[in-house]
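First comes the structure, then the notes that go with it.
The values are calculated or read from the model by the stated rules, or taken from the named source; none is laboratory data. Note that this is a predicted model, so its numbers are computed, not measured. Here Cβ is always computed from backbone atoms with ideal geometry, including for glycine, and neighbour counts include all displayed protein chains.
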Amino acid sequence: MSDLFYLSQVAVVSATLLYFSRKSKYLQLQILCWSLLTSILALRYGVIGQRIFYSNDQQYHAELIEEIVANGLPIDVDWWLQRARVPYVLPATALALAGIDPLLALKVVSLLSMLTLTSEIQRTIPSTSLPRFQITSFMTSTAFVGIFFSALGLRETTMMLFVYWFFLGTNPAKKYGSLLCLVLLRPHLAVAVLLGSLPSAIGRKLPATSFSTPIRNFAWLMSGPLIGYYLYAIGLQYQTGLAGIYGHSWGIQPVLRIASNFVGLQFLTANELSLGFSLRSLLILRVFFSETVLIPLCFTIAVLLARQPSRLMRSVVLSFGMYIGIATNTDFNSFRQNIPFMPVMGLIVLLAWRERRQPVAPPRVLTTTALRGM
């Protein structure tokens, strides 16, 4: 496919989405930014070259779509459960069958996920002005990070949406359907969000703890990584039959790796061999995508300072902790692993901040007080 034809497809997709989102200038702004970045990447790296820019996941998913288009859907169960990444790849395949470039089709699915997530967040905490929308978008990672990963054609924005629906969805079908989608996209993430949500639900029925607030909150913060550490061994035993195998032995380095996830600075403690970019490049990325640092940092502070953590806050901090407890058993630990949690983390921070500034919430605006029952 020529660059010109690819860019014409970007223009058609963008124009179509702009038309259907014409009632929301916020969504239209995101679409325009996505269109611009998608076009720049294609011009800079070429239609084929952009498949290996940043991550080989783009190449894997694009080739998967081409395989389906050429040969049809396999009947192999293992393929559906382990390779297909159905919730992300199949919608993109439908677009590819309509003539859209496979990688662009993936980018469209990523964009639609981000637009849906933005709409969901707007219903939860409505923004009445552009500055408020900008703050909300930044703190829920639907601004720079969301647009960037949508333009790359990676599954992160799709997982962001499913994690958001799992924690905040009121419809059981949507909530547990999202969990199933996470199982197909990233199984250990699904395990973390499911198991992390259970203790907080049980804890609601237990008497209030006698521990002081800082100790109690720190215990919630650190118990997740400890559980995740053992979950890794259980999962490895299930896959290989080998028992008692862990990715690390406890010491200062593993503790620092875990702690770095809570402040978005994983690259400072990562194995140098697993880093795909130089330290300088990674520092520049943190400047451009400062929400990858500020959101987990603000969330961690909010957890530690919370007088009475909501069920949502406890569920998210436990799930996130379990997830990084699993991830830090491996050599691959980057800010991408934080991204599925960042919209919910940011939402909790925003609601806590809004509640402090405005003790009496406006009608139909969700607050952390209301979230204590969730």
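Summary of values
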read-out: Tabulated pairs, segment 216-233, first modelled with pLDDT under 85, second assigned to a helix (DSSP H, G or I) and among the hydroxyl-bearing types (Ser, Thr, Tyr), C-beta under 9 angstrom, 6+ apart or interchain; value: Trp220/Ser200
read-out: Any hit, segment 19-39, residues being over 30 Å from Pro126 (Cα atoms) and buried (at least 16 other Cβ atoms within 10 Å of the Cβ); value: yes
read-out: Scan of segment 45-85 for residues that are β-branched (Val, Ile, Thr) and surrounded by 17 or more Cβ atoms within 10 Å (Cβ to Cβ), ordered by number; value: Val47, Ile65, Ile68
read-out: Check on Ser2, more than 23 Å from Leu189 (Cα to Cα) and either assigned by TED's automatic domain parsing to the domain that holds Met159 or not aromatic (Phe, Trp, Tyr) (or both); value: yes
read-out: Count - residues of segment 139-191 that are more than 18 Å from Leu111 (Cβ to Cβ) and in a helix (DSSP H, G or I); value: 21
read-out: Subset tally (residues that are of a type in the set (A, V, I, L, M) and surrounded by fewer than 16 Cβ atoms within 10 Å (Cβ to Cβ)) for segment 167-182; value: 2
read-out: Single residue of Ala98, Ala15, Ala94 found to be out of contact with any helix residue (DSSP H, G or I) (no Cβ under 7 Å at 6 or more places or on another chain), within 30 Å of Leu179 (Cβ to Cβ) and at pLDDT 95 or above; value: Ala94
read-out: In segment 121-144, residue modelled with the lowest pLDDT [restricted to those that are in contact with a helix residue (DSSP H, G or I) (Cβ under 8 Å, 6 or more places away or on another chain) and of a type in the set (Gly, Ala, Ser)]; value: Ser127
read-out: Tally, over segment 287-300, of residues that are farther than 14 Å from Leu351 by Cα and part of a helix (DSSP H, G or I); value: 9
read-out: Thr157 vs. criteria within 14 Å of the chain's Cα centre (by Cα), β-branched (Val, Ile, Thr) and in the same structural domain as Asp78 (by TED's automatic domain parsing); value: yes
read-out: Residue check for Glu120: surrounded by fewer than 17 Cβ atoms within 10 Å (Cβ to Cβ) and either within 24 Å of Met342 (Cβ to Cβ) or not polar (S, T, N, Q) (or both); value: no
read-out: Subset of segment 119-154 [under 13 Å from the mean Cα position of the chain (by Cα) and hydroxyl-bearing (Ser, Thr, Tyr)]; value: Thr140, Ser141, Thr142, Ser150
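Yes/no per residue for (1) assigned by TED's automatic domain parsing to the domain that holds Arg155; (2) under 23 Å from the mean Cα position of the chain (by Cα); (3) modelled with pLDDT under 90:
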| site | (1), (2), (3) |
| --- | --- |
| Ala173 | yes, yes, no |
| Ser178 | yes, yes, no |
| Ser200 | no, yes, yes |
| Thr209 | no, no, yes |
